[in-house]
Every structure is written in C-alpha cells, then in structure tokens.
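Q: Got a structure here, written out as structure tokens. Questions coming.
The values are calculated or read from the model by the stated rules, or taken from the named source; none is laboratory data. In this text, all values refer to a predicted model and were calculated from it rather than measured experimentally. Here the Cβ positions follow ideal geometry from the backbone for every residue, glycine too, while neighbour counts run over all protein chains shown. Accessible surface is based on the protein model in full, side chains and every heavy atom, while ligands, DNA and RNA are left aside. Shrake-Rupley method; radii C 1.70, N 1.55, O 1.52, S 1.80 Å.
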Amino acid sequence: MPIDIETLNGPQREAVVTIDGPLLVLAGAGSGKTRVLTYRIANLIENHDVAPWEILAITFTNKAAAEMRERLNGLVGPRCRGMWVSTFHSICVRILRRWAEEIGYPRSFTIYDTDDQKRLYKEIMAELDIDPKRFPVNALMNRISTAKNELVVPGDFEQQASDPVGKVASRVYSRLQERLKAANAFDFDDLLLYAYLLLKNHEDVRAAYQQRFRYLMVDEYQDTNTVQFKLVSLLAAKYRNICVVGD
C-alpha cells in the first residue's frame with residue numbers, strides 16, 4: 001500500500017524522499033530518527049521498485065534492530081523479511097559464515113564471548129610470564145580491542161608500541177591471534193576486523209555485496225569507529241546510496 005509521508009514533518013519528509021547519493025541526517029533524541037529510516041525504506045520499496053534484499057539497515061543494538069524490523073513489518077508487511085536489518089556484528093557474522101573459508105577459517109567457526117576471551121588472555125599471560133598485577137588483564141584487553149577496531153594487526157601493533165603496556169600488549173596480541181586461529185574462533189572485535197579484511201582483499205566477495213546492497217542506512221552514525229566506517233564505505237562504494245543518521 002502507498003506510504004503516507006504526509007504524516008511526517010518537513011525535515012523528516014525531505015530525508016525520506018531524498019534517495020539518491022549520500023545523505024547525512026542530523027537529529028536529536030526523540031526527533032523521530034527511527035521513523036525516518038523506516039519510512040525511507042518503505043518509500044524505496046513501495047514507490048521506487050527497490051527489492052527488500054537490496055537494502056541494508058545497520059543499527060547498534062539488537063533491540064534497535066528488532067524495533068526497526070517490527071516497524072517495517074507494519075509498513076511493508078512480510079517483504080521486510082528479505083531485508084538485512086542488523087547490528088554491525090550480526091552482519092559481519094553473516095558474511096563470515098558464508099565466506100570464512102576464503103580467509104582460512106571453517107564456516108563453523110566459534111565466537112568467543114567476554115568470559116571466554118578473558119580466560120584465554122589469562123592463559124596467554126601465564127604462558128608469557130606476564131604479571132597480572134603490573135599489567136591487568138582488562139587493560140591489555142582494552143588496548144588490543146582498540147587496536148582491532150582501528151584495523152591495526154599484530155605486526156603493525158608491535159612496530160607502533162612504545163610504552164610498557166603497549167609492548168606487553170603486542171606480545172599478547174600476537175599469541176592471542178595464534179590461539180584463536182588454532183581454535184577456529186573469533187572474538188567480537190575479530191568479527192568486524194576479519195569481515196573488513198575479507199571484503200578489502202577479495203574483490204569477488206566485495207563486488208557481490210556492493211552489487212547486492214544498492215541502499216545502505218546506518219543509525220547512530222556518531223558512534224561508528226574506524227572499522228565500522230571502513231566497512232560501510234566499502235559496501236557503499238558502488239552505488240553511493242548511503243544514508244546515515246546521527247546526533
């Protein structure tokens with residue numbers, strides 16, 4: 001059924017009907033950001049013959065993704081099931097489950113949660129005789145997590161590390177990735193890092209997703225980090241139809 005965009009205010013309506021090229025929407029809390037995104041998606045499907053599977057909508061929490069899917073179901077019905085409406089991590093898991101073998105992992109890889117990850121860190125620190133009182137495990141985990149989100153791989157991290165914590169973290173980082181690879185496992189940060197490396201280094205995979213996703217939408221854009229920004233940039237490079245919403 002036709003989407004009634006007349007219920008939107010002026011700025012909301014402008015964001016919904018502007019469909020070609022990059023679009024930045026700045027909006028505060030409670031200003032109808034989710035409404036704009038869902039109506040924009042519905043407008044693409046109903047009025048511009050865009051197939052649901054050609055749309056990728058990215059949110060930052062599972063709760064926000066579920067809310068968006070529910071609203072879309074009310075606007076376009078069952079067709080929203082063919083659409084990717086997910087968090088960054090969920091999207092990367094989906095891509096890696098399909099293509100993990102391209103980077104030397106089985107599709108049945110394991111994902112380590114925070115407890116698994118911390119246990120592995122402690123084992124590695126014991127193996128490397130690192131004093132946890134001098135170098136707390138959480139400090140090392142945060143340092144390595146930041147590196148992964150900045151797309152810094154172990155070899156580069158080692159070259160860049162100059163302070164005592166950084167030098168210790170570089171030793172742990174190298175061993176961590178060896179242990180994760182041996183276990184056919186990723187931690188949460190790896191999901192984004194390796195999905196990006198997969199898309200960047202495998203032209204056929206990258207081209208397939210660039211062709212598929214003609215329209216991309218990102219909520220809470222102000223919270224994106226380096227790897228998330230690079231992922232979105234890669235996926236949107238072909239059509240450049242990307243809409244980002246941020247505070």
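Q: Please get the size of the charge dipole for the chain, origin at its Cα centre, with Cβ charges of +1 on Lys and Arg and -1 on Asp and Glu, quoted in debye to the nearest 20.
A: 240 debye
Q: Please compute, over every Cα-Cα pair in the stretch 68-128, the percentage with a separation greater than 19 angstrom.
A: 58 percent
Q: Contour minus end-to-end for Ser31 and Ile5, with contour as 0.36 nm per residue of separation and end-to-end as the Cα-Cα distance?
A: 7.8 nm
Q: Whole-Å semi-axes of the stretch 101-181's equivalent ellipsoid, largest first, each the root of 5 times a Cα gyration tensor eigenvalue?
A: Here the semi-axes work out to 21, 16, 11 Å.
Q: What is the percent carbon and sulfur in the accessible area of the chain, measuring with a 1.4 Å probe over the protein chains and ignoring ligands?
A: Values: 5920 of 12130 Å².
C and S fraction of accessible area: 49 percent.
Q: Tell me the per residue accessible area of the stretch 62-138 using a 1.4 Å probe; a whole number in Å² is fine.
A: Values: 4470 Å² over 77 residues.
Result: 58 Å² per residue.
Q: Taking H placed 1.01 Å from N in the peptide plane, check which residues at least 5 places from Ala185 or on another chain put their amide H under 5 Å from its amide H.
A: It is Thr110, by chain and number.
Q: Next up: With θ taken as phi - 60° and the coefficients 6.51, -1.76 and 1.60, list the Karplus ³J(HN,Hα) couplings across the stretch 125-140 in order, rounded to whole Hz; mark glycine and proline as x.
A: 4, 5, 4, 8, 6, 9, 6, x, 6, 7, 10, x, 4, 5, 5, 5
Q: Please check which bits of the stretch 216-247 a label hung off Ser90 would reach, taking the label as a point 7 Å along Cα-to-C-beta and the cut-off as backbone N under 17 Å.
A: From the stretch 216-247, the list is 216-221.
Q: If we restrict to alpha carbons, what Rg and Dmax does the stretch 113-247 come to, in Å?
A: Every Cα atom of the stretch 113-247 included, Rg and Dmax give 17.2, 51 Å.
Q: Which far-off residues, 5 or more places away or on another chain, put their amide H under 5 Å from the one on Trp84, with H placed in the peptide plane?
A: Under 5 Å from the amide H of Trp84: Ile55, Ala57.
Q: Just want the answer: with Cβ charges of +1 for Lys and Arg and -1 for Asp and Glu, which residue in Tyr121, Ser170, Ile242 is farthest toward the dipole's positive end in the chain?
A: Farthest towards the positive pole: Tyr121.
Q: What length, rounded to one decimal in nm, is gained on full extension from Asp49 through to Ala66, with 0.36 nm per residue of separation minus their alpha-carbon distance?
A: Full extension of this stretch gives 3.7 nm more.
Q: Number of Lys pairs in the chain with C-alpha atoms less than 26 angstrom apart, excluding same-chain neighbours closer than eight positions?
A: Qualifying lysine pairs in the chain: 27.
Q: Which order do the peptides 86-92, 26-32, 225-231 take when ranked by the mean count of other beta-carbon atoms within 10 Å per residue, highest first?
A: The densest-packed peptide leads the list: 86-92, 225-231, 26-32.
Q: For all pairs of alpha-carbon atoms in the chain, what percent lies in each bin of width 5 Å, listed from the first bin to the last filled one?
A: 1, 6, 13, 16, 16, 13, 11, 9, 7, 5, 3, 1, 0, 0
Q: Please give me, ordered by residue number, the trypsin sites (Lys or Arg not before Pro) of the stretch 148-177 that lie in loop per DSSP and have at most 11 other Cβ atoms within 10 Å.
A: Filter output for the stretch 148-177: empty list.
Q: Okay, moving on. Whole number in Å², please: accessible area per residue of the stretch 165-247, 1.4 Å probe, ligands, DNA and RNA not counted.
A: Here the per-residue accessible area is 40 Å².
Q: If each DSSP helix of 4+ residues adds -39,500 (n - 2.57) and the sum is divided by the residues in the chain, what number results at 222 nm, nearest 500 deg cm²/dmol? Let's see the in-between values first.
A: On the way: 11 runs with 138 residues, N = 247.
Helix contribution divided over all residues of the chain: -17500 deg cm²/dmol.
Q: Using a Förster distance of 25 Å, how high is the FRET efficiency between Lys118 and Asp247, based on the Cβ-Cβ distance and rounded to 0.05?
A: So, using R0 = 25 Å, E works out to roughly 0.20.
Q: Please give the helix 33-47 orientation as an angle from the longest Cα principal axis of the chain, in degrees from 0 to 90, rounded to the nearest 10.
A: 60 degrees
Q: Which of the peptides 154-160, 194-200 is most tightly packed, and how do the rest follow, judged by the mean count of other Cβ atoms within 10 Å per residue?
A: Highest to lowest by the protection proxy: 194-200, 154-160.
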